[in-house]
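The values are calculated or read from the model by the stated rules, or taken from the named source; none is laboratory data. Keep in mind it's a predicted model, so treat the numbers as computed, not measured. Positions of Cβ are backbone-derived with ideal geometry, glycine not excepted, and every protein chain shown enters the neighbour counts.
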Amino acid sequence: MLRYLKKYWVYCLLAPLFMLGELTMDLLQPAMMATIVDEGVLGSDMQIIVYEGIRMVLLVIFGGTCGVLCCVFANIAAQSFGNDVRKDMFSHIMDFSFEQTDFFTTGSLVTRITNDVTQVEQMVMMSVRSLVRCVVMFVGGIYMLYRQAPQFAFVAAWGLPFITAIVVFSLKKVSPLYTVIQQKLDRLNCIMQENIAGTRVVKAYVKEEYELEHFSDANHSLCDTNLHAQTILAFLNPSVNIILNLCVVGVLYVGGDMLRTDGSVTPGQIMAAITYLSLILMRIVFMANIFQTFTRASASWKRIREVLDTENAQQSGTRCPDEDRKGEIEFRQVSFAYADAPDRPVLNNLSFSVRRGETLAIIGSTGSGKTSLVQLIPRFYDVTAGAVLVDGQDVREYPLQVLRDKIGIVQQKAELFSRSIQENICWGCEQAEESDVRHAARIAQAEDFIRRMPKSYETPVTEGGHSLSGGQKQRISIARAVIKKPEILIFDDSGSALDLKTEARLYDALHQEFAGTTRIIVAQRIASVRQADRILVLDNGQICACGTHEELQESSAVYREICRSQLRKGAMA
Ligand code: TTP
Ligand code: MG
């Protein structure tokens, strides 16, 4: 944490310094008021009233200014700290592998980067503002109490351990609950996010009540834990008050005795001692509040550290490939299983290669592993056995950016950002000119519909791309990939929402413009794959056949069955 605060040490120092200025006002003002009353009002000395009055107003202005500056500097330190932590976390999360993002879950990552950082921000704020105030008041109070009479300090010394014990006990009970609270908040965020993003599905199935119940359960659970923590803390103040009042009785008893026997204290001193005693003991309660914030922040900081300390599981390699080999892909005895089911391989001992400029289509029943296969090429996941080679080099040896720059992938689910269509296409290549965007849109068969949009390329895309049809989203995603002019183009079922005519035009355009580019086309429809140089038939994570459309019709029963089923449905072109 100090690493983040170091940058703002000046503000962390200035805030408590100005706090001391504010404290001085707090401590001196009652004394000045006493002088005004005793000598000015009771002694009928108007000059003292005016003189001390002006001094007091100046002191209040000074104290107020110090208070404002303390607040400003404490805020600068805390907000800047939070800003840096959030930025670092976001950059870490962006670097996470898919598996790591799946492990943390989106809801939890959102809670960590928002709520958890806010908790720690508050702690920083409290540390530089209130902690100093508390400590100074506490130490100052003890000193002043001792000055009234050492015996009074002795009475306070009896009360202190009890109050400390109560505070420690409460905090110990409450601190594990804070971790639970944050976890429950994760869960709540997750439900909220799923339901807001999937609101169309919820409404389509009229599941509002059901989801509300689901949400309410999580909400109640969070509320219960919060209540539990607050109930424990609710005992704190009354318990301290009891001890405080016992101490007050002690001071009255000791003071009364001293007054009666040798007159070594005055009634005013006894009154002052009671005021200081309350000041000291109440500071402990205040400190307990600060420690409570600390405990909560420390639970949050642990969760933040989990994100910050998680290095990307996929170490980027350093070797750059042979320059004269571009667009070659080879799968060498590749097996792959997802981390959450390591015993259930999704791909089994696959070996095949794709030449530069070749179009390889992959077809297979749903769940056969097509998406998993293509995701291994840009190294979204690492193989569990074997190796994936791009241009003769294992993808694990590549610097990730070099590898991914070579590849343009259009994912099965088109993901767009809530920016303009132009920006969404340019996203694939920052340096792209307007003419490049138009050209990419033309290849992706998107230009016609974009031009018909109210603001053409400047039309904003709403969150999640809901303002566009499935096929339109797919075509913008395709344009985003082709604008990169990659060496390898991967389409994961990216024409599924296009009509056959548009899809055919898309493949023709790709054939003309990207003749030298290696293309991998995952598709469900025979019509989408029959023009490919080779078709790989995947069945249950294994290659069951590979060849041209004609060859496969001869040799592969699975392929023939796919053809037959589509012919029956009249889906074949
Ligand atoms: P996919 O590789 O997604 O199968 P597919 O692309 O052939 O299917 P579709 O035609 O429907 O797009 O999934 C293969 C198996 O891997 C399947 O059992 C689901 C599982 N899987 C995961 O466990 N996690 C993942 O992130 C993905 C993508 C798949
Ligand atoms: Mg798929």
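Could you give me the residue pairs with C-beta distances under 6 Å whose first residue belongs to region 487-510 and is under 19 Å from Ala414 (Cα atoms) and at pLDDT below 85, whose second residue is within 14 Å of ligand 2 (Cβ to nearest atom) and not hydroxyl-bearing (Ser, Thr, Tyr) wherever it lies, and which are 6+ apart or on separate chains?
Qualifying pairs under 6 Å: Ala497/Gln474.
Spot the failing condition for Gly495; the list is (1) crowded, with 16+ Cβ neighbours inside 10 Å; (2) more than 26 Å from Ile196 (Cβ to Cβ); (3) away from ligand 1 (no atom under 16 Å from the Cβ), and only one is missed.
(3)
How do the pairs read when you match residues in region 347-373 that are within 14 Å of Ile543 (Cα to Cα) and within 8 Å of ligand 1 (Cβ to nearest atom) with residues anywhere that are in a loop (DSSP other than H, G, I, E, B) and of a type in the set (A, V, I, L, M, F, W, C), using Cβ under 7 Å and keeping only pairs 6 or more apart or on different chains?
As it stands, the answer is Gly369/Val346; Ser372/Val346, since those pairs meet every condition given.
For region 42-60, give me each residue that is surrounded by 14 or more Cβ atoms within 10 Å (Cβ to Cβ) and either polar (S, T, N, Q) or not in a helix (DSSP H, G or I) (or both).
Hit for region 42-60 is Asp45, nothing else.
Filter region 498-524 for residues that are crowded, with 19+ Cβ neighbours inside 10 Å and either within 14 Å of ligand 2 (Cβ to nearest atom) or assigned to a loop (DSSP other than H, G, I, E, B) (or both) and give the result.
Within region 498-524, Leu498, Phe514, Thr517, Ile520, Ile521, Val522, Ala523 meet the criteria.
Would you call Ile163 closer than 18 Å to Leu246 by Cα, in a helix (DSSP H, G or I), aliphatic (A, V, I, L, M) and touching a residue at least 24 places away in the same chain (Cβ under 8 Å)?
Yes.
So Ala571 ticks every box in (1) at pLDDT 90 or above; (2) within 16 Å of ligand 1 (Cβ to nearest atom) but one. Which box is left unticked?
Here Ala571 meets the rest and fails (1).
Assess whether Gln393 counts as being crowded, with 18+ Cβ neighbours inside 10 Å, in contact with a Phe, Trp or Tyr (Cβ under 6 Å, 6 or more places away or on another chain) and in contact (Cβ under 8 Å) with a residue 12 or more places away in the chain. Write out each step before concluding.
Working: crowded, with 18+ Cβ neighbours inside 10 Å: yes; in contact with a Phe, Trp or Tyr (Cβ under 6 Å, 6 or more places away or on another chain): no; in contact (Cβ under 8 Å) with a residue 12 or more places away in the chain: yes.
Against the criterion (crowded, with 18+ Cβ neighbours inside 10 Å, in contact with a Phe, Trp or Tyr (Cβ under 6 Å, 6 or more places away or on another chain) and in contact (Cβ under 8 Å) with a residue 12 or more places away in the chain), Gln393 does not qualify.
If you go through region 363-375 one residue at a time, do you hit one that is of a type in the set (A, V, I, L, M), surrounded by fewer than 21 Cβ atoms within 10 Å (Cβ to Cβ) and either more than 16 Å from ligand 2 (Cβ to nearest atom) or under 31 Å from the mean Cα position of the chain (by Cα) (or both)?
No: zero hits.
Which residue out of Ser170, Ser130 is closer than 27 Å to Leu2 by Cβ, away from ligand 1 (no atom under 16 Å from the Cβ) and under 36 Å from the mean Cα position of the chain (by Cα)?
Exactly one of Ser170, Ser130 is closer than 27 Å to Leu2 by Cβ, away from ligand 1 (no atom under 16 Å from the Cβ) and under 36 Å from the mean Cα position of the chain (by Cα), namely Ser130.
Restricting attention to region 261-305, and to residues there that are outside any helix (DSSP H, G or I) and surrounded by fewer than 16 Cβ atoms within 10 Å (Cβ to Cβ), which single residue is modelled with the lowest pLDDT?
Here the residue is Thr266.
Has region 214-223 got any residue that is more than 49 Å from the chain's Cα centre (by Cα) and either on the phi < 0 side of the Ramachandran plot or not small (Gly, Ala, Ser) (or both)?
no
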